[in-house]
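The next block holds one structure in the form of structure tokens; read it before the comments.
None of the figures in this text is laboratory data; all of them are computed from the coordinates on show. These numbers were taken from a predicted model, which means no experiment stands behind them. Cβ coordinates were reconstructed from backbone atoms using ideal geometry, including for glycine residues, and neighbour counts include every protein chain displayed.
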Amino acid sequence: MKNAAQIAKEAESTYLGGVSANLKTTGSRIISGQWFQREEADHGERVRAAMVDRRIYDREKFNELPQGRTVTIRGYERRWIFGKRVKSVTIATVMAPPGPLLDEESKGATPPPISRAQLMDHISNLISDAKATHLIGVCSPSGFETEILDHPPILPNVKLVLVAPREDGGWRVTPGDSRIDPRLIKLFDPEEVTQKLSRVKREIDERRIDLLTGTLSAGTLARELDLPVVLVNNAFEQYARSDPELRVSKVGAEATLYRGAAKVKAEEDRSMSLADWIRSLFSKDGEELKKINVLAEKRIALHAPRSQVRRHRRPGKERGQAARRWQSVHVHRDQASNGRTDRPDAQGHLPLQHECVDSQQANQCHQHAHSQPRTCPDRQPCIAAVHGRIDRSRGERRGNSRTARGQRRSGQQP
């Protein structure tokens, strides 16, 4: 099993090799400048200093560590007759601090992701001419902090692209600004198109069981694999051609892969008699398979808007908590509003307003309210019984007062 130093060394070589190939093929048509000059540098002295601090004197160990290599391409334009001026600076660099990689074997610590302070210090050392436009692609084998990916640093006259390897063999390319030309971002993507398609097909193979009862969306898969949706759509179509039971349905710009019925091949059986052949011309064999495919495609078309509605609903955790709260707590409240007073029910009892821990206890409390005060199953005083007793006493007092007023009006002694 490879250690972190070997993985970082391999990532450095793959990244710089892929970027150099992209710059050689399409860089001159995208980068500004009339002629270009290539420069290479590394930070081998930092690696030696880190090894000396830890008393490690091993040349093979030094060769296993990434050297922090940097490839710089300067684009020049002619100024006056013999003069020249820097028009653009394109830099592909690797950030792999040697200290954490050396401490991994001794202390077992995993190299941490690059922080914002380390990134800003590294970029400031790369900028040589503040007037020229800088296009910088920074690769970190250990990744970047989440804060940097969510809010990349914005520097004047600098276009930043962050690159980090994925566990599945791909690359995560994050532009520092959404306004950067996509063609410039592709320069720092070392993964070829064929490798990306193979990665999508491997993911489909792993989720092949999900296709028995569900579907695969190109948008969801593109977000998980850090790939464009168009490329995932092409991978779906190529995969569907190799499997006769798979179908591709396109809803908007995103394709959906699902399982349908196998195609019926109209093959002529030479051993068939003339009467059977004429009968087969007017038979409806194969219509059932076509219906299955049509219904499956309609189901996918209906599933797409439903999935969009789910995105705007509350998260599943909140929905689950609300459902459990509704099932476990039963609150009986009077629905009267706008200043209306409580009204008695058919039996002459006033509405209750209390809480019970479950439905069974709520029914018992409702019965306790109209009988002698007792205790609920949880050994606590029944709030409903107390409220019911108070409501009945108030009703009795109201009845007695009305009877007394009636007797006084009629002249009788109360």
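In debye to the nearest 20, how big a dipole does segment 55-119 give about its Cα centre with +1 on each Lys and Arg Cβ and -1 on each Asp and Glu Cβ? Using Cβ point charges on Lys, Arg, Asp and Glu, segment 55-119 gives about 780 debye.
A prolate overall shape is assigned to segment 21-100, the ratio a/c of its alpha-carbon gyration tensor axes (a ≥ b ≥ c) being 1.5 or greater and a/b exceeding b/c. Cross-link pairs exceeding 19 Å between alpha carbons, from the set K159/K196; K9/K196; K24/K84; K24/K186: K159/K196; K9/K196; K24/K84.
Is the shape of segment 103-206 rounded, prolate or oblate, going by the alpha carbon gyration tensor and its root eigenvalues a ≥ b ≥ c, with a/c under 1.5 for rounded and a/b larger than b/c for prolate?
Numbers: a/c = 2.38, a/b = 1.21, b/c = 1.96.
It is oblate, given that a/c is not under 1.5 and a/b is not larger than b/c.
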